[in-house]
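Report on the following structure.
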Amino acid sequence: MNHYLSVILFVPLAGALLLLLVPKQNEDAIRWIANAVAFLGFAISIPLWFWYNPQSGDFQFIERAPWIPSIGAEYFLGVDGLSTLLILLTTMMGAIAVLSSWTAITERVKEYYIFLLVLQTGMIGAFMSLDFLLFFLFWEVMLVPMYFLIGIWGSANRLYSAIKFFLYTLVGSVIMLLGILALYFYSHSVTGVYSFDVTQFHKLMLPYNLQWWIFLAFFLGFAVKVPMFPFHTWLPDAHTDAPTAGSVILAAVMLKMGTYGFLRFSLPILPDATRAYVPFIAVLSIIGIVYGALVALAQKDWKRLVAYSSVSHMAVVMLGMFALNPVGITGSIIQQLNHGISTGALFLIVGIVYERRHTREISEYGGLSKVMPVYAAIFLIMTMSSIGLPTLNGFIGELLILQGVFTYSKLWAAFAASGVVLGAAYMLNLYQRTMFGKVENPKNERLTDLNHREFATFAPLLILAVWMGLYPAPFLRRLETSVQHIIARVNTNYPAPAAGATIEAAPIATITPGQTGGGTAGTPGGQ
Amino acid sequence: MPPGISGSDFYYILPELVITAGALLVLIADVALPRSPRASHAALSWLTLAVIGATLASLYPFVNTRVEVAHGLIAVDRFALFFKIVFLVAAAMTVLMSIRYLEVEGAPPGEYYFLILCATLGMMIMAAGIDLITIFIGLETMAISFYILAGFIKPNQRSNEAAVKYFLLGAFSLGILLYGMSIMYGLSGTTGLRAMAPILGGQARDPRLVLAVILVVAGVGFKIAAVPFHMWAPDVYEGAPTPITAFLSVGSKAASFAMLLRIFLEGLPSSSPDWKLLFAMLSVVTMTVGNLAALTQTNIKRMLAYSSIAHAGYMLIGVVAGTARGVSAMLIYILIYSFMQLGAFAVVVLLRRRDVVGDELKDFSGLSSRNPFAAFAMLLFMLSLGGIPPTAGFMGKFWLFGAAVDAGYVWLAVIGVLNSAISLYYYIRLVVFMYLRKETMGSEPVAGPSLTFALVVAVAATIVLGIYPRLLFEVAEASARTLGIAGSLNALR
């Protein structure tokens, strides 16, 4: 149990090292090993769901060891509800991404799976690090494998897209590094201890000016990753040119790095600055919601459309988060998971037809529901999930976010709602153009429906979409204390969680109308 | 025995004596060995490695020593020790790289190895010197060896050009440096840095001292290839034999930084506001110009030359910080830089074959399929030079920028990180050639055992120091603390 997180963290890396030993001609062996490792990685992370104790507000499964003692850096892992869910999302999407690549990748197979598995370790590590330097290390480790995934196995414009992705993210994150250093030295000047311990940073109270600057530095790092308008321009290119698995990982997990960064670091460490930045972030988010959706409406390229829908959806996530109330933040986290599930699935869906037809032009398709009924059904469910139809996961997230945002500002809520409407417009439009009507393009007449492997990549996503749509309580319960901790730092209108308090009220109650912004059981919301 | 120099002084310069004796031994062996080129070459390279090994071993008794010997000409302390280890490791790597290179180029090995040892001796004296005279003698010993080594491939025009350029500009810059030093002597009446510090402390704003500082900065700036004194570097790096380029860009640069730290932190701490400003400006233009110029290079040696100029700019950040943390960050960076830079040049050496010069970007096309290990190694070195974790280069840069933030130079750190983002563009471009382009003609690029060994060492260091740099951080901090008169560094903070 003691090294549980390390095991989750290093299984993919160990798999990558194992793959190094396999001769590159044995492509099938490589595929089997990679799939086994990725599946194993997912399987061993599942107990995290059960073993994580949602009642305790502390970080759990802590692992600490000195790393660079002379500067106070530690190998410090631990999870709370937020990271638990994101880690599970990561391991699951990792396994799905590996499985989805079986026939799509035929060149340089060995390198491909090695990069994919190394990327996996980087992402998991970022979600579990509680040492800021260690976090940054994992954060940057993700860049190189993703660069190669886009650059080697991508489509037409891959070199341009890959370097654009790389440099954008890099510039943002090196500035963030300076913010980390400023925080580190300030923390030493107050506590007398050199440390990158995030849990200690959560207790610091920095002077407002310093907070403001550090927030800006963090913002540049995280906002590029989210990506927020106007830092989003790398995303459509990277998504469009990445191989399917790359897009899936990018959308489902890597974008969450940015929002996770805000939730784990910016909000609780820099509460005053966070409040000061709310209008700024809200405006950028609202622009992102509307702009992303409008641009998505105009796309002729299937994958680009999904990419721009990501910009819009992630902006909703940011808006919900910066409502700075429990409902908004909970909704924003749930919506991150939803976005991972639905957008991940949508990229898989594009990947399926791209593998068969080698084109992403929407106009090349039409009437696919006749030839690929199962595929069309899954696409329909995921479309509904993406636009937030009740009984599916997207609804819960959007409802919570709208509720949280509404509490903060009715105007914002109107804009957030417009994102939902526009989202329905471009998604249904896409669905109608590709799936309905007659099969007019003769090349589409012989398309085969999903095979078992392809269906297997969707199965967990479908189950989750329905589960979270019908019974989100287990997810909400796991988030409750984590959200309370963030709120307690950033918004003093909500009472701090009582030590050892047990949460008994059904968490679903938080989304009943009329109880605006109620965090813990029965606490009144308020401004 | 001259008056004033005692037997114990000789004991303290044991490592220098060992390497001097070893160098002479190599020269004698070159004449004595039978003229069968292959066998004698192998024997000479092994002998050189043995000399370097013996010198390293002779450093051991002085691990905890901290004394001034020969009446304050030389300091034996951790700071000098740290640099001596860097020089010797760099020299050993250079020898390992040279074995096949010399065969391909058909150059005589005897004098070559002798000169490498001489250059190393010069560097060691530079790092240990706490007197302007000692430092200058070390510098000359090193510089003259390098002038010859740069032009060592006699039939090659580029090599000749490199040597002439390096010699002329080098001599000129040494003159400037010497002029600055003479003013320092004139103002203080002593050449000893530690004796000079309190005397010059009273006249920090003396215009003559300011002039001296400017002249010394210019002289040292030439040696570390800081902009605007960098013009020689690309041509010399390109023309010199590749292993010598590697040694020049690592050993000579590290030694010059050691000299710089000695002169400015031990001799001129009082005028630090002046030279800090100078070095801050130098640092900014050096990293910016170096990186921007590197963007357009198509020759890998020139690209690495500009990259090495940019790295001098990063290292200067540590000098500007001027704190013990800044110095220790510099030491860390210099060691890490040595491994990644030597490693990168080792890959360039590997590409040198009888039918291929191998120093153009396009020569790296498809390397990942022809020699996956070399390509992977180069990938690591490029990422490390660019400062991407989990490579060592990240740890080095991170702590350098940390020192700058700590010392209040946030703006300098911002320029530094933006520069390292720019630099990634050209480092990655090389990776694109290796991994994303189709292979080119020419015989298979295969490394011999010695070159492979050098590569493995560099790769291992780049990974280990990137993931677990604990020991390096501790050693560097201890070494930085021995620099200067006790407490002067703290006084600077």
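The values are calculated or read from the model by the stated rules, or taken from the named source; none is laboratory data. Please read all numbers here as calculations on a predicted model, not as lab measurements. A quick note on method: Cβ atoms are made from the backbone with ideal geometry, for glycine too, and the neighbour counts reach across all protein chains shown.
Quick notes on this structure:
Results for (1) without any contact (Cβ under 8 Å) to a residue 40 or more places away in the chain; (2) more than 11 Å from chain B (Cβ to nearest Cβ); (3) closer than 20 Å to residue A:75 by Cβ; (4) in a helix (DSSP H, G or I), shown as yes or no for each residue.
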{"position": "A:139", "(1), (2), (3), (4)": "no, no, yes, yes"}
{"position": "A:152", "(1), (2), (3), (4)": "no, no, no, yes"}
{"position": "A:159", "(1), (2), (3), (4)": "yes, no, no, yes"}
{"position": "A:185", "(1), (2), (3), (4)": "yes, no, no, yes"}
{"position": "A:195", "(1), (2), (3), (4)": "no, yes, yes, no"}
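- Residue check: residue B:444 meets all listed conditions (1) away from chain A (no Cβ under 14 Å); (2) over 25 Å from residue A:111 (Cα atoms) but one, namely (2).
- Test: residue B:401 is within 11 Å of chain A (Cβ to nearest Cβ) and within 17 Å of residue B:333 (Cα to Cα): yes
- Restricting attention to region B:255-312, the residues being of a type in the set (S, T, N, Q) and closer than 12 Å to residue B:213 by Cβ number 3.
- Qualifying residue in region B:362-372 (condition: of a type in the set (Phe, Trp, Tyr), buried (at least 24 other Cβ atoms within 10 Å of the Cβ), part of a helix (DSSP H, G or I) and in contact with a His (Cβ under 7 Å, 6 or more places away or on another chain)): no
- Matching entry among B:373, B:381 (being at pLDDT 90 or above and more than 22 Å from the chain's Cα centre (by Cα)): B:373
- Subset of region B:184-196 [in contact (Cβ under 8 Å) with a residue 24 or more places away in the chain and either farther than 21 Å from residue B:265 by Cβ or surrounded by fewer than 18 Cβ atoms within 10 Å (Cβ to Cβ) (or both)]: B:185, B:187, B:195
- Members of region A:468-485 that are surrounded by fewer than 21 Cβ atoms within 10 Å (Cβ to Cβ) and either without any contact (Cβ under 8 Å) to a residue 12 or more places away in the chain or of a type in the set (Gly, Ala, Ser) (or both): A:471, A:473, A:474
- Residue list for region A:307-347, filter: among the aliphatic types (A, V, I, L, M) and not in a helix (DSSP H, G or I): A:323, A:324
- Among the residues of region A:81-122, those that are over 16 Å from the mean Cα position of the chain (by Cα) and more than 14 Å from chain B (Cβ to nearest Cβ) comprise A:98, A:99, A:100, A:101, A:102, A:103, A:104, A:105, A:106, A:113, A:116, A:117.
- Residue in region B:373-386 that is assigned to a helix (DSSP H, G or I), away from every other protein chain (no Cβ under 13 Å) and more than 26 Å from residue B:289 (Cβ to Cβ) present: yes
- Picking from residues in region A:164-174 that are surrounded by fewer than 22 Cβ atoms within 10 Å (Cβ to Cβ) and within 7 Å of chain B (Cβ to nearest Cβ), the one that is farthest from residue A:72 (Cα to Cα) is A:167.
- None of A:216, A:250 is buried (at least 24 other Cβ atoms within 10 Å of the Cβ), touching a residue at least 12 places away in the same chain (Cβ under 8 Å) and not in a loop (DSSP other than H, G, I, E, B) except A:250.
- Residues that are touching a residue at least 24 places away in the same chain (Cβ under 8 Å) and either within 11 Å of chain A (Cβ to nearest Cβ) or over 25 Å from the mean Cα position of the chain (by Cα) (or both), drawn from region B:427-440: B:427, B:428, B:429, B:431, B:433, B:434, B:435, B:437, B:438, B:439, B:440
- Condition check for residue B:411: without any contact (Cβ under 8 Å) to a residue 12 or more places away in the chain, within 11 Å of chain A (Cβ to nearest Cβ) and part of a helix (DSSP H, G or I): yes
- Looking across region A:14-32, the residues that are surrounded by fewer than 19 Cβ atoms within 10 Å (Cβ to Cβ) and touching a residue at least 40 places away in the same chain (Cβ under 8 Å) come down to A:20, A:22, A:24, A:27.
- Taken over region B:307-366, the criterion of being small (Gly, Ala, Ser) and under 15 Å from the mean Cα position of the chain (by Cα) is satisfied by B:307, B:308, B:310, B:312, B:313, B:338, B:343, B:344.
- Residue satisfying condition, being in contact (Cβ under 8 Å) with a residue 24 or more places away in the chain and crowded, with 20+ Cβ neighbours inside 10 Å, within set B:178, B:200: B:200
- Helices (runs of 4 or more DSSP H) completely within region A:1-116 that count 3 or more residues being of a type outside the set (Gly, Ala, Ser) and within 19 Å of residue A:475 (Cβ to Cβ): A:27-51, A:81-100
- Residue A:125 vs. criteria within 24 Å of residue A:475 (Cβ to Cβ) and either within 14 Å of chain B (Cβ to nearest Cβ) or touching an Asp or Glu at 6+ places or on another chain (Cβ under 7 Å) (or both): yes
- Filtered residue count, region A:152-171, keeping only those that are within 23 Å of the chain's Cα centre (by Cα), at pLDDT 90 or above and closer than 17 Å to residue A:236 by Cβ: 9
- Sole residue being surrounded by 24 or more Cβ atoms within 10 Å (Cβ to Cβ) and outside any helix (DSSP H, G or I), chosen from A:236, A:227: A:227
- Of all the numbered requirements in (1) in contact with a Lys or Arg (Cβ under 8 Å, 6 or more places away or on another chain); (2) buried (at least 21 other Cβ atoms within 10 Å of the Cβ), residue A:66 misses one, and that requirement is (2).
- Considering (1) at positive phi; (2) more than 14 Å from every other protein chain (Cβ to nearest Cβ), the lone condition that residue A:43 does not fulfil carries the number (1).
- Lone qualifier among A:459, A:488 - being surrounded by fewer than 23 Cβ atoms within 10 Å (Cβ to Cβ), within 30 Å of residue A:351 (Cα to Cα), small (Gly, Ala, Ser) and over 18 Å from the mean Cα position of the chain (by Cα): A:459
- One residue alone among B:344, B:392 is within 14 Å of chain A (Cβ to nearest Cβ) and either closer than 22 Å to residue B:434 by Cβ or free of Cβ contacts under 8 Å to residues at least 40 places away in the same chain (or both), and that residue is B:392.
- Any pair with Cβ under 8 angstrom, 6 or more apart, that starts in region A:34-55 at a residue that is under 17 Å from residue A:482 (Cβ atoms) and ends at one that is surrounded by fewer than 19 Cβ atoms within 10 Å (Cβ to Cβ) and of a type outside the set (A, V, I, L, M): A:48/A:4; A:51/A:4; A:54/A:477; A:55/A:502
- Any hit, region B:137-150, residues being under 29 Å from residue B:97 (Cα atoms) and among the charged types (D, E, K, R): yes
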